[in-house]
1. Report whether or not residue 318 is under 23 Å from residue 7 (Cβ atoms), in the same structural domain as residue 22 (by TED's automatic domain parsing) and outside any helix (DSSP H, G or I).
2. State all residues of the range 308-321 that are under 20 Å from residue 211 (Cα atoms) and of a type outside the set (S, T, N, Q); if no residue qualifies, say none.
3. Determine whether residue 122 is more than 30 Å from residue 268 (Cβ to Cβ), surrounded by fewer than 15 Cβ atoms within 10 Å (Cβ to Cβ), assigned by TED's automatic domain parsing to the domain that holds residue 160 and modelled with pLDDT of 95 or more.
4. Collect the residues in the range 46-73 that are hydrophobic (A, V, I, L, M, F, W, C), at pLDDT 95 or above and either surrounded by fewer than 22 Cβ atoms within 10 Å (Cβ to Cβ) or out of contact with any helix residue (DSSP H, G or I) (no Cβ under 6 Å at 6 or more places or on another chain) (or both), keeping them in residue-number order.
5. If a residue has to be surrounded by 16 or more Cβ atoms within 10 Å (Cβ to Cβ) and of a type in the set (Asp, Glu) to count, how many in the range 316-344 make the cut?
6. Tally up the residues in the range 26-40 that are hydrophobic (A, V, I, L, M, F, W, C), outside any strand (DSSP E or B) and under 14 Å from the mean Cα position of the chain (by Cα), please.
7. Condition first: closer than 28 Å to residue 284 by Cβ, crowded, with 20+ Cβ neighbours inside 10 Å and assigned by TED's automatic domain parsing to the domain that holds residue 40. Can you find one or more residues in the range 153-162 that meet it?
Amino acid sequence: MKMNFTVGMGRNLQAHEVANHARVAEECGFSALTWVDQPNLSRDVTASLTIAAVSTRRIRIGQGVTDPFTYHPSVIANATATLDELSGGRAFLGIGAGGRFGKVMKPRPTREIKEAIKFLRGYMAGEEVEWKGAKMHSEWNRRSIPIYLAVDGPKLCRLAGQIADGAIFLGLHPEMARWRVELIHQGAEEAGRDPSEIDIWARTMIYVSDTKEEARREVTSYPAMYIKMHHFFNRDVPEIQDLRRRLERAEPGMVEELMSDSARAAEAYDDYYHEHIDAPHAKLVTQRMIDFYHLTGPADETIQKIEELGKIGVNTISTVLFTIINKKGMMRRISEEIMPAFRN
């Protein structure tokens, strides 16, 4: 089975570490590198991707992810097009709905994301586009740059299928992954697109170790979805209620347990410890929560789970390094012990 692997960086790497880590990612065979965009917590995304671009030759680079509400979308488009020119056509744009930091930035409605993606795609291609009543175009860029949309609920999943080149989601339980892939494919079919053309990324943290317990400390602080599961599963949306039924059939009692554990972890959450090792909420994260989002433990078990995701329709496994201590060492272990099983 063929599977692509990408790697996400940025939460606590210093600027002078970017080049070396980017080169290791390329040497290890990762097809793409993303950099997190969290102005309150991490080094600047565009500066960091610029360093990665000039330090590598083959690996694709993109935001993981930014949003068109913190920045004017023309600024994002121009920065991405510049990175694309600098890297020799290796850039892509990773975009999301916002809401990255506590109560300061709330996620925006799907219709606004759709408008932003249409603007970004047209602007990067040199077309005249409109944003909030103002018409504009790029005077210099004419290249179509791939756009990847971070998805969570059913509306964004369908939107990714309708207008994005790729979709990025969290949650590796087979029923959750299958549910999202189906919605993404539905969106593609509704738009008259071939669903197989959508590059679907399952974002996770791969931690290769002899036991799951060895991985625990370094994976319990990511992702923030640990503290949002009780809200997600409580949404009165038909598709999410369908997902709950699927998960309940697969593992009776799991959803209620996840929701209860999520609510407890949320009480201890501190915005400034987001994706930070030994965060206050980490001690309340259970093994079931970890297994819902991550691939930890022996390599053969991880390979088996990735194979299952591939059969569901996932094209790319996107691991992140945020709270991993030996980041270069883990990239090498993944390259040597996991990736060779998915080269054909």
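1. Criteria met by residue 318.
2. Passing the criteria: 320, 321.
3. Considered against the rule, which asks whether it is more than 30 Å from residue 268 (Cβ to Cβ), surrounded by fewer than 15 Cβ atoms within 10 Å (Cβ to Cβ), assigned by TED's automatic domain parsing to the domain that holds residue 160 and modelled with pLDDT of 95 or more, residue 122 comes out as no.
4. Within the range 46-73, 47, 51, 54, 65 qualify.
5. Qualifying residue count for the region: 1.
6. The total comes to 1.
7. Step one: of the range 153-162, the residues closer than 28 Å to residue 284 by Cβ are 153, 156.
Next, from what is left, pick out any that are crowded, with 20+ Cβ neighbours inside 10 Å: 156.
Filter once more, so that each one left must be assigned by TED's automatic domain parsing to the domain that holds residue 40: 156.
Taking every residue of the range 153-162 in turn, at least one turns out to be closer than 28 Å to residue 284 by Cβ, crowded, with 20+ Cβ neighbours inside 10 Å and assigned by TED's automatic domain parsing to the domain that holds residue 40.
For every residue, the table says whether it meets (1) at pLDDT below 95; (2) touching a His at 6+ places or on another chain (Cβ under 7 Å).
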residue	(1), (2)
259	no, yes
265	no, yes
276	yes, no
279	no, no
298	no, no
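The values are calculated or read from the model by the stated rules, or taken from the named source; none is laboratory data. Note that the structure is predicted; figures quoted are calculated from it, not measured. Cβ sites come from the backbone with ideal geometry, for glycine too, and all protein chains shown count toward neighbours.
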